[in-house]
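**Student:** First the structure, which I've put down as structure tokens, then a few questions once you've had a look.
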Amino acid sequence: MPVSKSVGARIKRREDPRLIQGLAHYVDDIKLPNLLHVAILRSPYAHARINGINTDAAQNLSGVKSVVTGDDVKDVIGGIPCAATDPEGFPGIKVPHHPVLATGKVRFVGEPVAAVAATDAYIAQDALDLIEVDYEPLDAINSAEAAFADGAPIIHEDWDDNMAFTWSIAGGDVDAAFAEADHVVSQRIDHQRLVPNPMETRGVVAQYLPGKDQLNLWSSTQIPHLLRTQISVMLSMAENHVRVIAPEVGGGFGCKLNVYAEEALLGHMAKYLGQPVKWIEGRRENFLHTIHGRDQTGDVELAVKDDGTILGLRYTVSADVGAYYQLLTPAIPTLTGLMLCGSYTFKNVQMNLKAAFTNKMATDAYRGAGRPEATYLIERMIDVVAHDLDLDPLEVRRKNFIGKDAFPYETGTAVAYDSGDYTAALDKALKIADYDALREQQAELREEGRYLGIGFSTYVEICGMGPSAAMPAGGWESSTVRVDPTGKVTVLTGVSPHGQGQETTFAQLIADGLGVDIDDIRIIHGDTDTVQYGIGTFGSRATAVGGTAMVHAMGKVKDKVINIAAHLLESNPQDIVIEDDKYCVRGAPESGLTLGEIAMVAHVGVELPEGTEPGLAESHFFEPPNFTYPFGTHIAVVEVDADTGEVEIQRYIAVDDCGNIINPLIVEGQVHGGIAQGVGQALYEEAIYDESGQMITGSFMDYALPKAHNFPRFELANTVTPSPVNPMGVKGVGEAGTIGSTPAIANAVIDALKPFGVRHIDLPLRPEKLWKLMQET
Amino acid sequence: MKIEVTVNGEHQSYDVEPRMLLVHFLREVVGLTGTHVGCETSLCGACSVMLNGDAVKSCTVLAVQADGAEITTIEGLAQNGELHPIQEGFWECHGLQCGFCTPGMIIAAHQLLERNPKPNEADIRRGIEGNLCRCTGYQHIVDAVQYASKKMTR
Amino acid sequence: MTPFDYHAPKTLRSAMRLVQEFGDDAKVLAGGHSLIPSMKLRLAAPSVVIDLGGVAGLKRVTAGNETITIGALATHYAVESHRLLPSKCSLLPETAAEIGDAQVRNRGTVGGSIAHADPAADWPATMLALDAQFDIAGPDGERAVAASDFFVDLFITDLQPGEVLTGIRIATPPENSGGAYVKMRQSASGFALAGVAAQVTLDDAGNCASVAVGVTGVAPAAYRAHAVEDALVGQGIDAVADAAAHAADGVEEFQEDHHASGDYRAHLARVFTQRALSQAIDRAA
């Protein structure tokens, strides 16, 4: 798409004025008359039988309106849904019932056991202390390995083992590749469990209007429409009597792409109490009972020729998915499988996955969702190959890159990369880094006993989720574009941005497309009563899929506007152009009409061309023909303190290709934030459960989110390889930074420790781990 | 307990429970919801407000401790409809995405620039270490503070 | 947080009276940055809170030629930003600046931190290295106790029931003295995985006339690294590395968690002792 007056410009965000003045309304900012506050009693045990619950004392506390337990709601609230349990995809998958409040047994610490509604949030908390639960503790399982061990306690007693599901993918002839290989390079790779931690925790407000039999549900969610459908099913309400509103949402990173117990529970309580209810998740609750990410451990084998050519890959992996499924739990590791070939030409690939039930919170989509695992695995293994064969990791990459002329390119896992030029991104990054000088500096510092490391990640990811055929719950997106009689434009979009800035980027597209001032455009999202059905924001899809739906709807509006303009100007539609925000006959701008003038005609309905409907609003539902495949090269330069093992990131270079760019300022912001999250995984973050199933990293005191001083100034650049999948040529950029950065940091740290003979270290790269490795040699 | 406070220049008096946290007092009693709660452990900084000229984490202060105090929240920074230079910097430099940490982050930046009007990049990164942001990777926040510093010292 | 009665005495006398009156039911509130988080987690549930924030005279910081005094209610920032301390005793503002973050330092108090005795807090190391005296008010009047006798065990100090820490006195270090505090932060909380405060006075020949090293984060209570001090007295900067090797000598039990093992903490104690001593000697010279 050509850069015109708005698209391609560094336009400051239109959503910001309310956010920087404290005038935005997140869920916790919603006030309703007679609002009750809900607190949730959660299991302190990872695995225990519930022999009884006594709520009398809590019920009798002044200010307490109601206490509900699993027995109270088990017949009126359906199970928490999972959309990825198709036995064709997951043969033999076990799908346990997932109650909103536990009955009979608890299966992880933090599982909801009872809920209190009170006139005041402090009183609701007081009441939790008065609920007596008779638990009979059982042995707990805190890893996939333990879940599969002989004699392991059974988490779901409907079955006789803890195997949740298996899944595999294969392409080419893997056995032949390994037979032909000069070397088999193997490594066990761990992808530690992470906690998404958006700064706003989850929260729900529910209000029931008996006169209309309507449930209004405000939730901090990424998927208001999918949530509405699921809530209506769980509560046995007609879907058109349920309204879900995603108000201002304070970050999601995948963890709000879900349907949670509290959403249905609050909906139920609002209805039966006849009073609105609010629940705001505490951070400790968020650690325990909002989905986690990653948690795969697997053995990778690469079949390699002497010269570093990769012939094939085998990945045998266990996923620890927790005690129950959330919305997409089983689907996440399958995305790992799709992207195992990375940027490289080998097509012989096999992944065999076993997923285990454990006494932990469910895993699900966390920024990148399955793809960071694939990218970390292949990018780390490229460096292991270089280490074992004494090759330059850059040369191994170049030797195996898919060439820029090979696109569209079908991988061994049968996905079709849309477009790419991996060498161009790499070369650009090397130039910015001044790579040769860095290697010289590294050599000099080593002489002084200082350990500089340079690490690469030449990633490709799968985005723009996605064709419906490949998605558990629809992959299309919708938009309505309407022009009011006065020429103001309102866009309704099915995506549900929560920080990504589509109120700005979408307005940029409309401003240019319809010839209207950007201040005359409003983007509405997140209200199911206002917006036609949509899928939501996740998987770097909002612009690539939702933006495309909007561009198509806008095109329909524009066609109509041009037809009316041609009629009014007594010309032909093909001769109408937009000049200076006026629709005019080519070459006669002085007699042009503004969008407002034409919109007024459309609404007055008198001067319309024959057969033209009055009004000016069009919708479009866009089904993407393919995913998009952003790519890039990240280079990290780190120094490891030889005395302490501390890692300092000295430089971070990121050259990303997300196709065409609508707003460079926003793209930079997405990349910065993504890098920070990936660095978090590489260096700091890890959700640890002890043997009794207690989470020992359950607060910001013990789980480190990256802080401002952990980073140098990022050095960013782009290459631009438009995607052919959508008319804008955009690919998506929400997850690129996270996917690209983890392996770049890991490879840099391990490169720094090369003099110590270090070949691989599992994440996170805590100082003590590094120090110990340096002591061993 | 009865307490008297001046919030964003307005003198007010309320009756509060001793256990009420200052952040809940501001949000629920005074009705200023721009100050957010992001954790229970005084680490995220989303609840930062100015208390008698000092930036504090209002989730770790009792409302009764603020008796007699002057408090400035995010809602009190813009004057006469004009954004404070720090707010302007956050807007110009794309210093926010989801916006949840932003009010606290702006308060932390406010304190920093009062004490060190021309901070270098390292000063800024240290100055906001009590505020977590999960969206931006902090770089545009640093830019925003630099923007404000330039504007305020011009 | 469970409900409690709140008292805000204006004088130390009335504060002490309240402390006697309510005994174990009461908790004394200083800056609140240890107590309020524990109350929010319901780890502490006092029925009475006695807020010392309004007590006159407990917030003062003075830096004289003979003595430095820090009121128990002085904030970390009051020490960090004190006009005279950088020249009189730079170890104090340097330590203050390493605590938490700007907002925490604005509100958290030196006395509160010391009385709480978190094994990973920063002040204990520095107070040990400066041979601080703690002034304590109690039912039977006032007493003073040396820092080296104060930190007993994990969250346990020499403070007795009914006693309140009121202030800290430190002998102003002589001219040819220097100090340094260095730490490794636990990446999440910012507390010290290991923190070392060193204060050194040089003789005319440039050798160490006196050496004091306080170590925090490593053992259940902060401790003086006497073996390091003994090895370095009378020696110059060349002896620092060998002396620092003794930084964890005599520690019977190490702090240990998923952030750092005991071995690693002991190692960090040695590394940071070396760094702190080198800087301290450098500054003393």
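Since every read-out is calculated from the coordinates, none of them should be taken as a lab result. On a predicted model such as this, the values are computed, not experimentally measured, just so you know. Neighbour counts run over all protein chains shown; Cβ positions are idealised from the backbone, glycine included.
**Student:** Which of the listed residues, C:G31, C:A15, C:A44, is farthest toward the dipole's positive end in region C:5-54, when Lys, Arg count +1 and Asp, Glu count -1 at the beta-carbon?
**Tutor:** Going by the Cα projections, it comes out as C:G31.
**Student:** Go through region A:565-631 and name the GluC sites (Glu not before Pro) that are in a DSSP coil and have 14 or fewer other Cβ atoms within 10 Å of their Cβ.
**Tutor:** A:E570, A:E607, A:E610
**Student:** Between region A:8-83 and region A:380-435, what is the separation of their alpha carbon centroids in Å?
**Tutor:** What the calculation gives is 46 Å, centre to centre.
**Student:** Out of all DSSP beta bridges in region A:230-357, what portion is antiparallel? Express it as a percent rounded to 5.
**Tutor:** 45
**Student:** Work out the mean other chain Cβ neighbour count within 10 Å for the residues of C:184-195 and drop it here as an integer.
**Tutor:** For this peptide, the per-residue mean of nearby foreign Cβ atoms is 5.
**Student:** For C:A74, what charge total do you get from the other residues with a beta carbon under 12 Å from its beta carbon, if Lys and Arg give +1 and Asp and Glu give -1?
**Tutor:** Residues near C:A74 contribute +3 overall.
**Student:** Tabulate in residue order the Karplus-calculated ³J(HN,Hα) for region A:317-323, using 6.51 cos²θ - 1.76 cosθ + 1.60 with θ = phi - 60°, rounded to whole Hz; enter x for Gly and Pro.
**Tutor:** Couplings: 9, 10, 10, 9, 9, x, 7 Hz.
**Student:** Determine the dipole magnitude for region A:315-462: charges of +1 sit on the beta-carbon of Lys and Arg, -1 on that of Asp and Glu, nothing else is charged, the reference point is the Cα centre, and the result goes in debye to the nearest 20.
**Tutor:** Dipole about the Cα centre, nearest 20: 520 debye.
**Student:** Quick one: net charge around A:T633, please, counting Lys, Arg +1 and Asp, Glu -1 for every other residue with C-beta under 10 Å from its C-beta.
**Tutor:** Here the charged neighbours net out to -1.
**Student:** Would you work out the charge dipole size for region C:127-285 about its Cα centre, treating the Cβ of every Lys and Arg as +1 and the Cβ of every Asp and Glu as -1, and quote it to the nearest 20 debye?
**Tutor:** My answer is approximately 560 debye.
**Student:** If you rank A:V733, A:V184 by fewest surrounding Cβ atoms within 10 Å, what's the result?
**Tutor:** Listed from fewest to most nearby Cβ atoms, that is A:V184, A:V733.
**Student:** For C:E142 paired with A:E395, estimate the spin-label separation in nm (one decimal), with each label point 7 Å from Cα along the Cα-to-Cβ line.
**Tutor:** Simple spin-label model gives 7.7 nm for this pair.
**Student:** May I pose another question? What average count of beta carbons from other chains do you get within 10 Å of the Cβ of residues in A:705-717?
**Tutor:** Across A:705-717, the average partner-chain Cβ count within 10 Å equals 6.
**Student:** OK, next. Tell me the net charge near A:I280. Cut-off is 11 Å between Cβ atoms, A:I280 excluded, with +1 for each Lys or Arg and -1 for each Asp or Glu.
**Tutor:** -2
**Student:** Something else now. Listing B:K150, A:K354 from the residue with the fewest other Cβ atoms within 10 Å to the one with the most, what is the order?
**Tutor:** Going from least to most buried by this count: B:K150, A:K354.
**Student:** Starting from the Cα of A:K488, draw a straight line to each of the lysines and keep only those under 19 Å, dropping any in the same chain fewer than 8 residues away.
**Tutor:** Partners found: A:K5, A:K556, A:K558, A:K560, A:K582.
**Student:** For chain A, what is the calculated [θ] at 222 nm in deg cm²/dmol (nearest 500), taking -39500 (n - 2.57) for each run of four or more DSSP H residues and dividing by its residue count?
**Tutor:** -8000 deg cm²/dmol
**Student:** A further question follows. Any idea how far the Cα center of region A:163-200 sits from the one of region A:242-270, in Å?
**Tutor:** Each part reduced to its Cα centre gives a spacing of 33 Å.
**Student:** Ignoring solvent entirely, what values of log10 I(q)/I(0) come out of the Debye formula for region A:476-622 at 0.14, 0.16, 0.18 Å⁻¹ when each Cα is a single scatterer?
**Tutor:** Those come out to -0.63, -0.79, -0.96, one per q.
**Student:** Could you line up A:S186, B:S13 from fewest to most neighbouring Cβ atoms inside 10 Å?
**Tutor:** Taking fewest neighbouring Cβ atoms as first place, the list is B:S13, A:S186.
**Student:** If you don't mind, another one. For A:K12, give me every one of the aspartates and glutamates with a C-alpha distance below 13 angstrom, ignoring sequence neighbours fewer than eight places off in its own chain.
**Tutor:** Answer for A:K12, where 13 Å is the Cα cut-off: A:E503, A:D519, A:E668, B:E88, B:E92, listed by chain and number.
**Student:** Here's a follow-up. With r as the distance between the Cβ atoms of C:K10 and B:E4 and R0 = 22 Å, compute the FRET efficiency 1/(1 + (r/R0)^6) and round to 0.05.
**Tutor:** Here the calculated transfer efficiency is 0.85.
**Student:** Is there a quick way to get the dipole size of region A:476-524? I mean about its Cα centre, with the Cβ of Lys and Arg at +1 and of Asp and Glu at -1; what is the value in debye to the nearest 20?
**Tutor:** Here region A:476-524 has a charge dipole of around 140 debye.
**Student:** Another question, then. Can you pick out the pairs among A:K271/A:K360; B:K2/C:K40; A:K105/A:K256 whose Cα atoms lie more than 24 Å from each other?
**Tutor:** Long pairs (Cα-Cα over 24 Å): A:K271/A:K360; A:K105/A:K256.
**Student:** Mind checking which lysines have their Cα closer than 18 Å to the Cα of C:K59? Skip sequence neighbours fewer than 8 apart in that chain.
**Tutor:** Partners found: C:K10.
**Student:** Would you mind giving the mean number of other chain beta-carbons within 10 Å of the Cβ of each residue in B:67-80, as a whole number?
**Tutor:** For this peptide, the per-residue mean of nearby foreign Cβ atoms is 2.
**Student:** Still on this structure, please answer the following. How about region A:152-239: which trypsin sites (Lys or Arg not before Pro) there are in a DSSP loop, with at most 15 other Cβ atoms within 10 Å of their Cβ?
**Tutor:** A:K212
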